[in-house]
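Please read the structure below before turning to the comments.
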Amino acid sequence: MIIAETETVELSTATGPMRSYIFRPVAGGRYPGLVLYSEIYQVTGPIRRIAAFLAGHGFVVLVPEVYHELEPPGTVLNYDKPDTERGNQHKITKPLSSYDSDARAALDFLHSFPHCTGKLGVMGICLGGHLAFRAAMNKDVLAGVCFYATDIHTHNLGKGQQDDSLDRVAEIKGELLMGWGRQDPHIPREGRAEIYNALSDYGVNFQWHEFNTAHAFLRDEGHRYDPAATQISYGMILELLKRKLSEGDVQNSLSSG
């Protein structure tokens, strides 16, 4: 499916305008909506390629700049030590409530976007994985994809580094796909187990997949990129999104037949 030219929009949020980028099919019609959350580096080349891939499979993909209050519009951080430190500092400078109000603004935009069916999902990697996890707490999110989501087990997201993400897992009503790298130092086995147990204890509908990979294995730049694991992951991602965001839910249809 051919992708339209990227559209740039400025969404109104509680903390000011949030530049966001829309990727969607050229073909006419309406498609399910997906908010794609980036790493700490904002909308880099790898993030744009993920967005284009998903749009090519029949989704309207909205990619917000997660640090819109802290950086000029259009800022892209580099994959180097200085900008990594800068992005990590932003992560704990921005209030948790601002991440949540940004999510609501992005979802509301897709609801009203004329090319969107109104069925919504979220996806994110690294910092974005945690943001997608929290965004999935909105009742209108039918599916959430979170790959190597950082800081959930340490409760370190946002100003004050005391997030309540694990305490609120019961609010997630859609289906989650959680993907991890076993060799990821940011989310060790004990941290992954804490997240798994919380999701299980609260009865969240989720899939859980671990790969023998490092952190950031979906990013198609740098030495940690794992094409084989990425290909498997994309298959699982598309299965979930197409099943939950299409006009019917195969799983529910089978169980009620």
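The values are calculated or read from the model by the stated rules, or taken from the named source; none is laboratory data. All figures in this text were calculated on a predicted structure; none of them were measured in a lab. With ideal geometry, Cβ positions are generated from the backbone for all residues, glycine too; neighbour counts draw on all protein chains shown.
What to note about this one:
- Pair list, Cβ < 8 Å and 6+ apart or interchain, from the stretch 184-196 residues that are basic (Lys, Arg) to residues that are in a loop (DSSP other than H, G, I, E, B) and surrounded by 12 or more Cβ atoms within 10 Å (Cβ to Cβ): 189/182; 192/153
- Pairs, first free of Cβ contacts under 8 Å to residues at least 24 places away in the same chain and aromatic (Phe, Trp, Tyr) in the stretch 141-157, second surrounded by fewer than 24 Cβ atoms within 10 Å (Cβ to Cβ) and assigned to a loop (DSSP other than H, G, I, E, B), C-beta under 8 Å, six or more apart: none
- Index of the failed condition, residue 130 passing every other in (1) surrounded by 23 or more Cβ atoms within 10 Å (Cβ to Cβ); (2) without any contact (Cβ under 8 Å) to a residue 24 or more places away in the chain: (2)
- Restricting the stretch 224-246 to residues that are in a loop (DSSP other than H, G, I, E, B) and touching a residue at least 12 places away in the same chain (Cβ under 8 Å), the residue that is surrounded by the most Cβ atoms within 10 Å (Cβ to Cβ) is 226.
- Residue tally, condition hydrophobic (A, V, I, L, M, F, W, C) and touching a Gly at 6+ places or on another chain (Cβ under 8 Å), over the stretch 13-46: 4
- Residue among 61, 66 that alone is at pLDDT 95 or above, over 19 Å from residue 243 (Cα atoms) and either hydroxyl-bearing (Ser, Thr, Tyr) or surrounded by 17 or more Cβ atoms within 10 Å (Cβ to Cβ) (or both): 66
- Residue 221 falls short of the stated requirement of being free of Cβ contacts under 8 Å to residues at least 60 places away in the same chain and either more than 16 Å from the chain's Cα centre (by Cα) or assigned to a loop (DSSP other than H, G, I, E, B) (or both).
- Considering the stretch 186-220, the residues that are closer than 27 Å to residue 48 by Cβ and small (Gly, Ala, Ser) include one that is surrounded by the fewest Cβ atoms within 10 Å (Cβ to Cβ), namely 214.
- Residues of the stretch 138-163 that turn out to be part of a loop (DSSP other than H, G, I, E, B) and within 30 Å of residue 238 (Cβ to Cβ), as a count: 11
- Subset of the stretch 98-108 [surrounded by fewer than 16 Cβ atoms within 10 Å (Cβ to Cβ) and either in contact (Cβ under 8 Å) with a residue 40 or more places away in the chain or of a type in the set (Val, Ile, Thr) (or both)]: 101
- Among the residues of the stretch 1-57, those identified as part of a strand (DSSP E or B), surrounded by fewer than 15 Cβ atoms within 10 Å (Cβ to Cβ) and without any contact (Cβ under 8 Å) to a residue 40 or more places away in the chain are 7, 8.
- Among the conditions (1) within 15 Å of residue 131 (Cα to Cα); (2) out of contact with any Ser or Thr (no Cβ under 7 Å at 6 or more places or on another chain), the only one that residue 202 does not satisfy is (1).
- In the stretch 172-185, the condition of being surrounded by 15 or more Cβ atoms within 10 Å (Cβ to Cβ), among the polar types (S, T, N, Q) and out of contact with any strand residue (DSSP E or B) (no Cβ under 8 Å at 6 or more places or on another chain) is met by no residue.
- The residues on offer are 166, 245, and the sole one that is at pLDDT 95 or above, within 27 Å of residue 52 (Cβ to Cβ) and among the aliphatic types (A, V, I, L, M) is 245.
- Test: residue in the stretch 126-137 that is assigned to a loop (DSSP other than H, G, I, E, B), within 21 Å of residue 201 (Cβ to Cβ) and among the aliphatic types (A, V, I, L, M): yes
- Those residues of the stretch 176-196 which are assigned to a loop (DSSP other than H, G, I, E, B) and basic (Lys, Arg), in sequence order: 182
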